Structures are given as structure tokens and as C-alpha cells.
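Okay, structure first, notes after.
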Amino acid sequence: MSKNMSYYDVPDGVDIRGRYSDEFAQVLTADALRFVADLQREFRGRIRYAMECRREAKRRYDAGGLPGFDPATKFVREGDWVCAPVPPAVADRTVEITGPVERKMIINALNSGAKVFMADFEDALSPSWENLMKGQVNLRDAVNRTISFHDQARNRVYKLNDNTAKLFVRPRGWHLPEAHILIDGEPATGCLVDFGLYFFHNYANFRATQGGGYGPFFYLPKMEHSREAKIWNCVFERAEKFAGIERGSIRATVLIETLPAVFQMNEILYELRDHSVGLNCGRWDYIFSYVKTFQAHRDRLLPDRVQVGMGQHFMKSYSDLLIRTCHRRGVHAMGGMAAQIPIRDDPAANAAALELVRKDKLREVRAGHDGTWAAHPGLIPTILDVFTSTIPNLPNQIHTAKREDADSITSDDLIRKPTGTRSISALRLNTRVGIQYLAAWLTGTGSVPLYNLMEDAATAEISRVQNWQWIKHGVELDGDGVGVKVTRELFGRVVEEEMERVAREVGKERFERGRFREACRIFARQCVSEELYDFLTLDAYNNIVVMHPRASARL
Ligand SMILES: CC(=O)SCCNC(=O)CCNC(=O)[C@H](O)C(C)(C)COP(=O)(O)OP(=O)(O)OC[C@H]1O[C@@H](n2cnc3c(N)ncnc32)[C@H](O)[C@@H]1OP(=O)(O)O
Ligand SMILES: O=CC(=O)O
Ligand SMILES: [Mg+2]
């Protein structure tokens, strides 16, 4: 054991390059880091292989192939198995609030009246060292129920109510490294750091105080294949063994938010059958993934982002098949996120936004979803009302909404071309939103309100890849009577004009103080690149890595 330059007490082979703080050292203990390092060493080969398989699948799609059901796992799809029974503590998940692992928001979310709070290290969080480590400290205090926050400007103290939402934690996706923690000289896998530190410090307390003997509970993002779910299952088994807790204690809901994964839903549940509490329709990343999967397919271009709703045939088919699959296997089928948020200064617009959320949730509960997501506490009464009035006296619809009709959904339904039109105003909006989101992300904020909608990493990805797709394929805009072709030159003019508009809208001072120009450079580079960048945030990550002592910030 040695003390490294930053004074963290680290086990052999582990080096911490992030800033030292006494508070962070409470979660970055030698024992916790040893647990993370052991996970990394045991699973790094399989993670690398899984990422290579993603690249291989991409090569097939780029050569004209289509995603589909795997004949080799037909026996899993047709077999008569079910997942382990749902833990009683999380039978009722009708409303789940989500949000970044920020201290005040954690308290507000846990107090919000939602059944579950999904604390996010992923789409809603900019994964800076400060955010991640503070997030771990905050979650530890939340599980211990000692968390508090003093808003000095408003002289308001935040504390937990007696009754709080059950906590789920969403680690990062498999693809993101943690540059500030080196294990045997290589950056750690981000999600193993998020999972490992949280599990190590909280499993005992969590199971005793809120899991009813189960837990901790997780959400797992952005998987593309059941082999990735299998790795998670092994990570869970390894953690359970380490902690000396019963196999099947840890439970996770997998987000189905990539197009390839919709063909693997049974397989994913099967791999996690002892650790599963369902699947969730991660609709925003799913749309992003549709573009990504079909990036070389000129005939499958997206219409304007606002037109790609759950009413599109491929989106409805995905949600219906997810419900059918989950209920057949005895677990929750969770709905997704409506992007509308309360609009404080305009009662009519606020009522219209709430009505859109209400309709979206009504569609979900009528289709058979067991619960859904809320982006903001102000939406919870509306969403709760929709669920409790549609399925009164039931915690979920797992056994009452079988949706056998969805057995007829085919591969064709799941990849059906979206319909709609394309407009210059959408190109402009994508650009304005993408740049502003990225500017916020670079300064440490991973979810923001923009033009009265929630924007996070997943929605920003749609803006980016839609622009890329339209430029790459030289789309003719047919939506607003302009009739021009999207070229790099046109996009260049749009970027210039939209940057001027952003500067006007946010005001000179904020514009100059912020990282808008840097965001613009990154966003525009990704929109015009010959090859599509895999992830907006993977490329931009280098811009938020801060080494201590300050060395090269690049991976
Ligand atoms: C695609 C996906 O992955 S979706 C899941 C990931 N995305 C998210 O989780 C988004 C979560 N939501 C948010 O981050 C925020 O609601 C935003 C950014 C959309 C809007 O934020 P704001 O405009 O700052 O909200 P607003 O000013 O109305 O907040 C009012 C109060 O509600 C609180 N609040 C707002 N959203 C949340 C939330 N999700 N969880 C907890 N508290 C919240 C604020 O902290 C604030 O509290 P205060 O009155 O005590 O100060
Ligand atoms: O994570 C959720 C999504 O919609 O993306
Ligand atoms: Mg997502």
C-alpha cells in the first residue's frame, strides 16, 4: 500500500489523478478502491471484447445489414422461464423521478412523493471528477439518511422527510472511461467505478433501511447485446459474494435504449433473471441509436426531431414488445421520459405542457406499462393521478396486462422507417440546443431546461446525429417550403447565425463567461465529420478531464 502524490491511500496498481479532498477520501478508501480494482481486473477483458463486438455489428450495419432477432437464441425467446420474483419494496414503481446526483436535487427527489428516485451518473450528469465524487458522497449520506443541504442565498435548509422514494442508481455506460482513476496504468471503466464505490459503501445500510433485505437497486444504460447484460450479472454475483449477501439481492432495470437491444430483450432478461426488476423504454437514446445504427442507410433518415414521438410505428412497436416481454417474464415494464417540464412564468403554456405529459402517461399506462419517469417534481401529481386512476388498487400490471397481441410484432415493425418532414427550422433548433447543452455540460451541468424542455445527454445526441445525418446524406429540406439541400456550407451559416442568436438569448455576460464557443467547435466538428463519432460525450470528455497535479488532460 502506498500514499500517492494526491495523498489518497491507494492499493497496489491504483493511481488517483483527480483532485484530493478529505471528503472524497472518505469514499476513495483503500478497501473501496481495491474492490473497484478487482472488478476492473476481472472484467476488463470481457468489456473490451463486448466493445469490439459493437464495432463488428456496426460494420455489418454499415455494409447494409439490418439488426434482427438472433436465430441462435430462439430457445431463450421461446422458453418458458420467468425472472426471480419482484422484491416487495419495489413492487410499486408507478412514478420514478430521475435526476443528477447533486445534493439538493437528491433531497428534493427523495422527498418528491415519487415511489422511486433514479440517481443518475449518466444522461443527466456531466461526468467531471468533482460531480462524480460529490455524487458518491451525497449518495452515501442519502442512504445513511444524514444528508442535508443549506441554500445560503435563500437561507433554506433541506432535509429528508420521514417517507422517501426508494433509491435506484444509474452508473455510466460501458463505453465511458474514468480518466482520473488508473488501474494497472489504464483508465478505469467508468461504470465499474460508479457501481463499485456506491455498492461498497452502501449495500449494508441500503438493504437494512429501504430494500427490505434486497438491494441495492440499479438502472443499467445503453447496452446493445445480452453479452453486456451477462457481464453485469457476473459483476453483481461477484459483489454479492464479496459482501456475503444472498445471490439475487442486487436488482437492476435495464434501459432498452439502443436499436440492437430491442431484439435482445428476452436474452437480456434471461442473463439477468436472478437480478432483474424489468426493462425501461429509454426513448431518447433509442431514437439516437436508430440514427446511429442506420448511419449508412440513406433510406432511413429521420424527420424533424419533434416528429419522432411514441406514435411512430417503430417506437410504438418497441414499447408494446417491451411490455409483452417483461410481463411474460414477470417483471416491470417501465415507461420513459416526457420531455416537457413545468413552465413557471406562463400559466397557459404550463397547462399545455402538463397536458402533453398527461397524455403521454395515459398512453403508457393504457398500453400496460407499470410505471414511468418524471423529470421534475412538479409533474408527479399529474403522473400519479394518471396511474392510480387507471389501475386503482394495483401496484403494477405485471400479471394483468399480458399484451399477448404484441407477439405478432416483427423485425420489420421494429425498424419501420419513420415518417414526416424535414425543415431548416429543425436544423437550426438542433444546432442551438446542441451547443447550449454542450456548453452547460462542459461547465458541469448535465441536464438543463432549454426552450421549456428537459435536455440531457440523450436528447442532445439526437440533435447532433440528426444534423450529421442530414449533412452526410445531403438531405433536401421539404418541411417549411424552403426546399434547399443540407450542405456543409449551409450548416456553417446556420451555426454562425444560431451562435449569434444564443449570444443574444443568454446575454453578453453569460455568453462570455460560459464555454459556448468551445461547445460550438466540438458540436460543429461532430456534425460535419466524415465518420459519425460514437458518442458526443466521449469525444467531449477530454475537455472536462482535469489531472492533479495538472498534467496532460488528454486520455
Ligand atoms: C433521457 C433521460 O435519460 S431522462 C433522465 C435523465 N434526465 C434527468 O434526470 C433530468 C432531471 N431534471 C432536471 O435536471 C431538471 O428538472 C431540469 C434541468 C430539467 C429543469 O431544471 P430547473 O429549470 O432548474 O427546474 P426548476 O427551477 O423548475 O426547479 C424547481 C425545484 O425543483 C427541483 N427539481 C427540478 N427537477 C428536479 C429533479 N429531477 N429532481 C429533484 N428536484 C428537482 C429543483 O431543485 C428546484 O428545487 P428548489 O425549489 O428547492 O430550489
Ligand atoms: O435514458 C433514457 C433515455 O430516454 O435515453
Ligand atoms: Mg438514455
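In Å and on Cα atoms, what radius of gyration and Dmax does the range 350-456 show?
Cα only, the range 350-456: 18.1, 48 Å (Rg, Dmax).
With a ≥ b ≥ c the root eigenvalues of the C-alpha gyration tensor of the range 28-85, is it rounded (a/c under 1.5), prolate (a/b larger than b/c) or oblate?
oblate
Once the piece of chain linking Glu509 and Glu23 is laid out straight, how much longer is it, given 0.36 nm per residue of separation minus the C-alpha distance between them?
Residue separation times 0.36 nm, minus the Cα-Cα distance, leaves 171.6 nm.
Kindly provide the helix-only [θ] at 222 nm of the chain, computed as the sum of -39,500 (n - 2.57) over DSSP H runs of four or more divided by all residues, to the nearest 500 deg cm²/dmol? Don't skip to the answer; put the middle values down first.
Numbers: 20 runs with 260 residues, N = 555.
That calculation yields -15000 deg cm²/dmol at 222 nm.
Using alpha carbon coordinates only, what is the Rg to Rh ratio of the range 33-414, with Rh defined as the Kirkwood radius?
Dividing the radius of gyration by the Kirkwood radius yields 0.95.
Express in nm, to one decimal, how much length is gained between Lys417 and Leu356 on full extension, taking 0.36 nm for each residue of separation and deducting their alpha carbon distance.
So the extension gain works out to 19.5 nm.
For the range 377-428, just say rounded, prolate or oblate: build the C-alpha gyration tensor, square-root its eigenvalues into a ≥ b ≥ c, call rounded for a/c under 1.5, and beyond that prolate if a/b exceeds b/c, oblate if not. Present the calculation step by step, with values, prior to reporting the outcome.
Details: a/c = 4.86, a/b = 1.33, b/c = 3.67.
In terms of gyration-tensor shape, oblate.
Mind checking which of Val506, Val465, Tyr437 is farthest towards the positive end of the range 424-543's charge dipole, using Cβ charges of +1 (Lys, Arg) and -1 (Asp, Glu) about the Cα centre?
Most positive-ward Cα: Val506.
At a Cα cut-off below 17 Å, give the lysines reachable from Lys361, other chains included and same-chain residues fewer than 8 away excluded.
Of all the lysines, those that pass the test against Lys361 - Cα under 17 Å, at least 8 places apart if same chain - are Lys115, Lys316.
I need the per residue convex hull volume for the range 351-409, using only the alpha carbons, in cubic angstrom as a whole number. List each step's numbers first, then the result.
Details: hull volume 5.4 nm³, N = 59.
So the per-residue hull volume is 92 Å³.
Take each uninterrupted DSSP H stretch in the chain, measure its Cα extent along the helix axis, and return the ones at 24 Å or beyond whose mean Kyte-Doolittle hydropathy is at least 0.5.
Values: long enough: 30-62 (45 Å, -1.11); 190-209 (27 Å, 0.34); 226-243 (25 Å, -0.57); 347-367 (30 Å, -0.30); 424-442 (27 Å, 0.72); 488-506 (26 Å, -0.65).
Taking the DSSP H segments of the chain (at least 24 Å long, mean hydropathy at least 0.5), we get 424-442.
If you build the Cα gyration tensor of the range 424-543 and take the root of 5 times each eigenvalue, what three semi-axes come out, in whole angstrom, biggest first?
In descending order, the three semi-axes are 22, 17, 13 Å.
Based only on Cα atoms, what mean projected area does the convex hull of the range 160-281 have, in nm²?
8.4
With the other protein chains left in place, how much accessible area per residue, in square angstrom, belongs to the chain at a 1.4 angstrom probe?
With all protein chains present, the chain gives 39 Å² per residue.
So for the chain, averaging the separation of alpha carbon pairs under 8 Å that are six or more residues apart and normalising by length, what relative contact order in percent results? Don't skip to the answer; put the middle values down first.
Details: 1011 pairs, mean separation 89.1, N = 555.
Relative contact order, the chain: 16 percent.
Tell me, what % of the accessible area of the chain is carbon and sulfur with a 1.4 angstrom probe? Show your work: numbers first, answer last.
Numbers: 10910 of 21750 Å².
The C+S portion of the solvent-accessible surface of the chain is 50 percent.
Can you tell me the convex hull volume per residue for the range 1-107, based on C-alpha atoms, in Å³ to the nearest whole number?
Working: hull volume 27.4 nm³, N = 107.
Dividing the Cα hull volume of the range 1-107 by its residues yields 256 Å³.
Let me know the longest stretch in the chain that avoids all GluC sites (Glu not before Pro) found in a DSSP loop with at most 14 other C-beta atoms within 10 Å. Please list the in-between numbers first.
Details: sites that count: Glu246, Glu530, Glu531.
The segment 247-529 is the longest one with no such site.
Please report how far the C-alpha centroid of the range 447-486 lies from that of the range 46-81, rounded to the nearest whole angstrom.
Cα centroid to Cα centroid, the span is 29 Å.
Could you tell me which of rounded, prolate or oblate describes the range 217-337, using a ≥ b ≥ c as the square roots of the eigenvalues of the alpha-carbon gyration tensor, with rounded for a/c under 1.5 and, failing that, prolate when a/b is larger than b/c and oblate otherwise? Intermediate results must be reported in sequence, preceding the final value.
Values: a/c = 2.70, a/b = 2.05, b/c = 1.32.
It is prolate, given that a/c is not under 1.5 and a/b is the larger ratio.
As an exercise, identify the trypsin sites (Lys or Arg not before Pro) in the range 154-245 lying in DSSP coil whose Cβ has no more than 13 other Cβ atoms within 10 Å.
Arg154
The values are calculated or read from the model by the stated rules, or taken from the named source; none is laboratory data. Computed from a predicted structure; not experimentally measured. Every residue, glycine as well, gets a Cβ built from its backbone with ideal geometry; the counts of neighbours run over all protein chains shown. To get the accessible areas, we keep the full protein, side chains included, count just its heavy atoms, and leave off ligands, DNA and RNA. Shrake-Rupley method; radii C 1.70, N 1.55, O 1.52, S 1.80 Å.
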